[in-house]
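Taking it in order: structure first as structure tokens, then the write-up.
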Amino acid sequence: MTATSLPAILKTRMLVAYLGERAQHAWWPTAFYEASGRLFLEPVFSKTSRLAQYHGVLEAARRLHDEHLSVGSYHLFRLPEEVEQDLHNLVQRPEADEFALQEMHSKEAALSSLKDLAGAVAVKSVGPTSIGSIRDLNLPNTVKAIAAAYLAAFSQDVKTYPYLVA
């Protein structure tokens, strides 16, 4: 993975995870990024509550996507192990906390950030949608296409599951 594509993947993942929670679009029944979720996690995970939030919502999103996609395909919440390790390391950096606080405080701010990530790319789909090959994950247009697919789905109040083939 290139150093430039990992932050874009992480940012897209965190935005979609936040927007998919029950208070925003209710794709999964979690509330990790709500104030009550933080209050619940902080006593148990005093030093790593942000990481616990991230992994909790990641698992909820992963399960939903896995239910709708075939085994062996990759998606925003299930990437190759080396990429997952790199993202785990990246999410622990202080700048990840700053991002979470700035852009995930409202549904509108998160949608605006997702729109910025998508750029001029437009992908409108419902249900499973092939974005390309996992080999193309480093390419900027791949992450933009993933962001665009989720942006369109959230905007139209439908569900989409963009995936990459092995």
Using alpha-carbon coordinates, inclination of helix 35-44 to the longest axis of the chain, degrees: 70 degrees
J(HN,Hα) series, segment 118-134, from Karplus relation 6.51 cos²θ - 1.76 cosθ + 1.60, nearest Hz, glycine and proline x: 5, x, 8, 6, 10, 9, 10, 7, 10, x, x, 9, 6, 9, x, 9, 4
Sequence of L15, L6, L111 when ordered by accessible area, the most exposed leading, probe 1.4 angstrom: L111, L6, L15
Alpha-carbon centroid distance for the pair segment 121-152 / segment 57-92, whole angstrom: 15 Å
Heavy atoms of D136: accessible area, 1.4 Å probe, square angstrom to 10: 60 Å²
Rounded to 10°, Cα long-axis angle of helix 49-68 versus longest principal axis of the chain: 30 degrees
Computed [θ] at 222 nm, deg cm²/dmol, the chain (DSSP H ≥ 4; -39,500 (n - 2.57); rounded to nearest 500): -18500 deg cm²/dmol
Lysine pairs within the chain, Cα separation less than 29 Å, 8 or more sequence positions apart or different chains: 17
Percentage relative contact order, segment 62-147, counting C-alpha pairs under 8 Å, at least six apart: 27 percent
Sequence of V165, V83 from largest to smallest accessible area, 1.4 Å probe: V165, V83
The chain - percent relative contact order, Cα under 8 Å, separation 6 or more: 27 percent
On Cα atoms only, tilt of 5-20 relative to the major axis of the chain in degrees: 70 degrees
For K159, distant residues with modelled amide H under 5 Å away: G127
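The values are calculated or read from the model by the stated rules, or taken from the named source; none is laboratory data. Worth saying up front: this structure is predicted, and the values here are computed from it rather than measured. Please note that ligands, DNA and RNA were not included when accessible areas were found on the heavy atoms of the full protein model with its side chains. Shrake-Rupley method; radii C 1.70, N 1.55, O 1.52, S 1.80 Å.
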